[in-house]
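The values are calculated or read from the model by the stated rules, or taken from the named source; none is laboratory data. Given the structure is predicted, the values throughout are model-derived calculations rather than measurements. Note: ideal-geometry Cβ built from the backbone for every residue, glycine included; neighbour counts use all protein chains shown. The accessibility values were calculated without ligands, DNA or RNA, using every heavy atom of the protein model including side chains. Shrake-Rupley method; radii C 1.70, N 1.55, O 1.52, S 1.80 Å.
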Amino acid sequence: MLTYACLTALVPGKKQPAIRVQIVRTWMSPFGLIRPNTCMVFGDEKGSMIEATLPWGVVLPYEINLDEGDWFEILDFKLIHASGLIRTTRSKYHINLTHDSVVTKIQPITECNFLFCASYKTILRGLYHPKFCIGLCGALVEVGDIQDFPEAQANQFNHGNQPSIRFTQVKCVAYGSLAEKLYEYWSSTTANVVVCVLKLWRIEWGNGRFRCLTNIEGCSDILFDPEIPEIHYFKSICDQHVRLADGLFLEVSSHLQGRLMHSSHGGEGGDTRMLILLVRED
């Protein structure tokens, strides 16, 4: 009978035990190459995550499709030390699937959604290491107009005439296909409140301080009003705690952001859009 290890128990240099994981995210990398690898983020039933790679040329048996949200049992993989300037998880290690790997689709082990939303204030204070990607949740309040730049198109959001209410703001910039996704949704929605979840975005620093959150092409994602119980709860009571100020800003009570954080588990070129996520500073 197989015994399964948690991701945090894996150690390089010996035969690896079997693991049971959900595919939290999948994308192709390096971006734009003829023979890209399939990159993934795995999550286990304990909520731990690790990045993994299916190299180009390694074919899984039985026509297995590595789809996001599905659970798999994996045997005979290679564990190496994680590297790179930007990491999608905080794990010290990285999984490489090989020709010998045995991957079997299984029934879900847990309902964990692997959304670990960062604290706005902690981001702005510089207490999150910019090496590691983070997640964020809040109300999407404005998408600016496109402005042309030498290497890319970008839009700037200027929050002039801000009401006297104190807000914590986190500036975010989207590039490439994710920018198009953001712009199309923002242009078409008629909702008064749009709850936005950022998955695997990186922290950009400049002049010794936080500048913005930005996406990694193909890896990062943005979800609008996702089908997640905590998000539904957050949105359902927004009308009781949200006030429109001059038709522009949304005031979101900080205890709602805290509830969501504690109850949740777990390019180059192209168009650019900027969004601002606000939460009330009580």
Can you list the HN-Hα couplings for region 112-117, worked out from phi with the Karplus curve (6.51, -1.76, 1.60; θ = phi - 60°), rounded to whole Hz and with x for Gly and Pro?
-> 4, 9, 6, 9, 10, 7
For the residue pair I106 and S187, what label-to-label distance in nm results when each label sits 7 Å from Cα along the Cα-to-beta-carbon direction?
-> 4.5
Give the calculated FRET efficiency between H99 and H129 to the nearest 0.05, with a Förster radius of 35 Å applied to their Cβ-Cβ distance.
-> 0.50
Which order do I216, I123 take by accessible area at a 1.4 Å probe, largest first?
-> I216, I123
Points 7 angstrom from Cα along the Cβ direction at I86 and K46: gap in nanometres?
-> 2.9
With the 1.4 Å probe rolled over protein heavy atoms, region 7-106 has an accessible area per residue in Å² of 54
Per residue convex hull volume, Cα only, region 7-106, in Å³ is 100
Which FRET efficiency value, to the nearest 0.05, is calculated for E73 and R209 with the Förster distance at 45 angstrom and r the Cβ-Cβ distance?
-> 0.50
With all protein chains present, how much of the accessible area of region 7-106 (probe radius 1.4 Å) comes from carbon and sulfur, to the nearest whole percent?
-> 53
